[in-house]
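None of the figures in this text is laboratory data; all of them are computed from the coordinates on show. Since we're looking at a predicted model, the values are computed, not measured. Here the Cβ is made from the backbone with ideal geometry for all residues, glycine too, and neighbour counts use every protein chain on show.
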Protein chains: 2
Amino acid sequence: MSEDRLSRVFAALADPTRRDLVARLSSADATVGELAAPYDVSLQAVSKHLKVLEDAGLVSRESRRAPVRLEAEVFDLMTKWIDRYQQQAEERYRRLDALLDEMQDSTPTRESSREQDAS
Amino acid sequence: MSEDRLSRVFAALADPTRRDLVARLSSADATVGELAAPYDVSLQAVSKHLKVLEDAGLVSRESRRAPVRLEAEVFDLMTKWIDRYQQQAEERYRRLDALLDEMQDSTPTRESSREQDAS
DNA sequence: AAGTTACTCAACCAAATGGTTGACAAAAGC
DNA sequence: GCTTTTGTCAACCATTTGGTTGAGTAACTT
């Protein structure tokens, strides 16, 4: 069910306000009120956003009015997911490039066509 | 408006089916039908998922029935966002650790307290 | 212990999301 | 050229999401 965890993390970061909250928390812890101040939505709305971030494990607090803290470890989870597929995709491109190079070396001339037939 | 782009990318990856599509496309291009086969939802549903991925720039196709291809560059966009705040957060932790170390060095003994006063 | 301040819960609303089915459009195959 | 296959569009439905306001609760202040 770590699947579900990743879903919550990505969903949490899909909202610009929540990404901004994360951005601000990366430079300093802050209370709900402090966090809410810059936005022109209600405090309740920001409180909800923080709950989403908290449920995703991106953020935590020791008590109600304590400053909110960013849980940076979650980033590893995302990075791991991304890296895996990014690398796999790049690997494919490398193989494709190699294949294209090979074809360019072999097909255009009659010489290399005969080489192909011979093999 | 690259803000908006990131939102679409994260939102696209918030769905497990879509993450699975990306995962599969990272090892091989595939047509819509091929991609849809393993899931027990309608082809239309998968087509919609692919549209979401396409709008986020995660995936592309040359024509309707052409194989879908993963656009790996988008990963860079995410990684860049993540790295920035991860590093900022880690930097803060380093400073905090340093501060805690300093306090632990200075406060517990009478000796070091006097050292502080002297400086 | 009482009062204020800071935050959350609940109920509600509009819009977005993920799914369905049925009709249509575009490519391939004959 | 006609037919079949493959994919998309449209309309609809249930659920989720991001916002609101109003009432309640928890935690500092005095």
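Distances between equivalent label points of A:LYS51 across the copies, with each point positioned 7 Å along Cα→Cβ, amount to 3.2 nm, shortest listed first.
Ordered by the number of other Cβ atoms lying within 10 Å of each residue's own Cβ, fewest first, A:TYR93, A:TYR85 fall into the sequence A:TYR93, A:TYR85. Residues B:ARG64, B:ARG69, A:ARG18 in ascending order of nearby Cβ atoms (within 10 Å, fewest first): B:ARG64, B:ARG69, A:ARG18.
Every Cα-Cα pair in region A:1-107 was counted, and those over 23 Å apart are 43% of them.
In loop segments of region B:1-102 as defined by DSSP, the GluC sites (Glu not before Pro) with at most 11 further C-beta atoms inside 10 Å of their C-beta are B:GLU62. How much of the calculated P(r) for region B:49-98 lies past 15 Å, in percent of all Cα pairs? Result: 61 percent of Cα pairs exceed 15 Å. Computed 3J(HN,Hα) for region A:74-88, one whole-Hz value per residue from the Karplus formula 6.51 cos²θ - 1.76 cosθ + 1.60 where θ = phi - 60°, is 4, 4, 4, 4, 5, 4, 4, 4, 4, 3, 3, 7, 4, 5, 4, glycine and proline marked x. Here's how it looks for A:VAL68: its modeled amide H is under 5 Å from those of A:ALA30, A:THR31, A:VAL32, which are all 5 or more places away or on a different chain.
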